[in-house]
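One structure is given here, and the rest of the page talks about it.
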Amino acid sequence: MPLPDPVPFLNHLFDALQADGIDVTSYELDHLCYRVEHMDRYVALKAALASQAVLLGEHRIGGRAIASFELHKPIVFHKRRIRVIELPAPKAGSPYAEGWEHAEFVVREAPGTFADRYPQLAWDRSGTVKATNADVRLNYEGFSVKFHQRSLADVIAEEAGA
């Protein structure tokens, strides 16, 4: 895969969730997001991923392109099969260092209801107002985790009319 090994990122992410008492055993780890700093890197990675995945779609969200890919060979992590990678183009005025930036889980319920089970945590609920696939987020040092109701692939397929 043209992207770095996600295992260190995933280990860190699952350790953080465990430390916060969030049991994600029964939830699908829907996708991983990999950020880049420069547009030329976005174009290069998009082309490289195209040889190892199917482009589900490239959409303009928040003023920049975001490409979503379904891998031919999923990432396997502790018996989980992660099939989708999200690759956002850099957003003007919002610099990010290149690397794995977030993961998203499908909780199959209203995200706010899920977050309410953990009132002791500092939830970012700004995504609950999204018209499509609302989410809640936990921000950690250097990465975040989102929880939403539907998978990214399902949302893309629905928007495409499939």
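Read-outs throughout are calculated quantities, based only on the coordinates presented, and are distinct from any laboratory measurement. Computed from a predicted model, the values in this text were never measured in an experiment. Using ideal geometry, Cβ is built from the backbone for each residue, glycine included, and neighbour counts are taken over all protein chains shown.
Computed quantities for the displayed model
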read-out	value
Given charges at beta-carbon only (K, R positive; D, E negative), |dipole| of the chain in Debye	220
Projected label distance in nm at Tyr96 and Ala50, using a 7 Å step from Cα toward the beta-carbon	2.1
Label-to-label distance, nm, for residues given as Ala122 and Gln18 (7 Å Cα→Cβ offset)	2.3
Span from the segment 11-35 Cα centroid across to the segment 58-127 one, whole angstrom	11
Cα gyration tensor shape of segment 122-162, rounded if a/c is under 1.5, else prolate or oblate by comparing a/b with b/c	prolate
Taking Ser126, Ser144, Ser26, Ser68 and counting other C-beta atoms within 10 Å, the order from fewest to most	Ser26, Ser126, Ser144, Ser68
Longest exposed-site-free window of the chain, the sites being GluC sites (Glu not before Pro) in a DSSP loop that have at most 12 other C-beta atoms within 10 Å	1-108
Helix-only mean residue ellipticity at 222 nm for the chain, each DSSP H run of n ≥ 4 adding -39500 (n - 2.57), per residue, nearest 500	-7000 deg cm²/dmol
Backbone N within segment 2-45 under 17 Å of label point (7 Å from Glu158 Cα along the Cβ vector)	28, 30-31
